Every structure is written in structure tokens, then in C-alpha cells.
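Below is one structure, written out as C-alpha cells; the observations come after it.
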Amino acid sequence: MPAAFSDWRPTRIADHLEADLVHLGMAAGRAPPPLPIEQSPSAAVGVAYVLEGSALGGRIIAQRALKLGFDAHNGAHHLGAQSHSLGNWRSFLDLLEHAEPFSLVIAAEAATAAFRAATVTFESFDHVAA
């Protein structure tokens, strides 16, 4: 992360996702695909943008999941943890204003790789449900 980010980190939801998969009877414990990105502050910002920005969509998805019977105790714990507060997202945006040096191209490439990895992982569960 850029030095200006100090000790800020994206909201962690991996344990919540794992618990939801187990609760839903789906294969858990798989490693996500590797991210083919360079190790740099700009790349870290790109991945953080995807991870932290997913809280925005997570709020909408959590409402829809609730209508389907999924909540923090039934298969959607990660959505609650992810979208509980937008404070971390706002902090990220504030810190982003001071991220120097910063390469938008590298950040965008890393963000695209993170989205691609999420899509591949999500699609791999298409036919796994018990």
C-alpha cells in the first residue's frame, strides 16, 4: 500500500465467505486463482478499490439476498460484514487523494485482474452446490 495509507486495509471477508460456503453446502477451502499483477503500491490500490468498492454493491445484494431467505446467519454473513459500514470505503477514497506516486494504469490493470479472479472463482461454484 502507498505510505499515505498508513495502517488502512480493506475489510476482510474471507472467513465469512468460507463460513457461508460451508453453510450452503458448497465446496469450501479452495484457493482463489493467482492475481497476475506486479507487487507495487499502485497495484495494491487497484485491488483495494475492487475489494472495498464491493461493499457498495454488497448493500444492494444483501437486501436482495434477504428476500430470498439469506441473512447474516444463513448464507450471507459475508454480505453483512462487507456492507456493514461505508466508513472504510470513504477512508479509502480520502487516502487515495494522497497516494503518491501513483500509476492509474497499473491500478486499473490490477483492478481488472481482481475482477477477473472474482468472476472465475464465482463461476467455478456454478455446479458445486450439494
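Return the residue satisfying two criteria in turn: it lies in segment 1-60 and is of a type in the set (A, V, I, L, M) and in contact with a Pro (Cβ under 7 Å, 6 or more places away or on another chain), and of such residues it is nearest to ILE106 (Cα to Cα).
Within segment 1-60, the match that is nearest to ILE106 (Cα to Cα) is VAL45.
Would you check which residues across segment 79-96 are out of contact with any His (no Cβ under 9 Å at 6 or more places or on another chain), under 23 Å from VAL22 (Cβ atoms) and part of a helix (DSSP H, G or I) and list them?
SER83
Here are some residues: ALA111, ALA118. Which one is outside any loop (DSSP other than H, G, I, E, B), open to solvent by less than 30 Å² (accessible area, probe 1.4 Å) and either closer than 16 Å to ALA48 by Cα or modelled with pLDDT under 90 (or both)?
Of ALA111, ALA118, the one residue that is outside any loop (DSSP other than H, G, I, E, B), open to solvent by less than 30 Å² (accessible area, probe 1.4 Å) and either closer than 16 Å to ALA48 by Cα or modelled with pLDDT under 90 (or both) is ALA111.
Taking segment 44-78 on its own, how many of its residues are in a helix (DSSP H, G or I) and either out of contact with any helix residue (DSSP H, G or I) (no Cβ under 9 Å at 6 or more places or on another chain) or more than 30 Å from ALA3 (Cα to Cα) (or both)?
9
Show the residue pairs meeting these rules: Cβ distance below 6 Å; 6+ apart or different chains; first residue within segment 88-102 and at negative phi; second residue among the hydroxyl-bearing types (Ser, Thr, Tyr).
ASN88/THR11; PHE102/SER42
Here is a list of conditions, (1) surrounded by fewer than 20 Cβ atoms within 10 Å (Cβ to Cβ); (2) in contact (Cβ under 8 Å) with a residue 24 or more places away in the chain; (3) under 17 Å from the mean Cα position of the chain (by Cα); (4) over 23 Å from SER6 (Cβ atoms), and HIS23 meets all of them except one; can you say which number that is?
(3)
Only one of (1) touching a helix residue (DSSP H, G or I) at 6+ places or on another chain (Cβ under 7 Å); (2) open to solvent by 60 Å² or more (accessible area, probe 1.4 Å) fails for SER40. Which number is that?
The one condition SER40 does not meet is (2).
The values are calculated or read from the model by the stated rules, or taken from the named source; none is laboratory data. Only a predicted model underlies this, so the values are computations on that prediction, with no experimental measurement involved. Here Cβ is always computed from backbone atoms with ideal geometry, including for glycine, and neighbour counts include all displayed protein chains. The accessibility values were calculated without ligands, DNA or RNA, using every heavy atom of the protein model including side chains. Shrake-Rupley method; radii C 1.70, N 1.55, O 1.52, S 1.80 Å.
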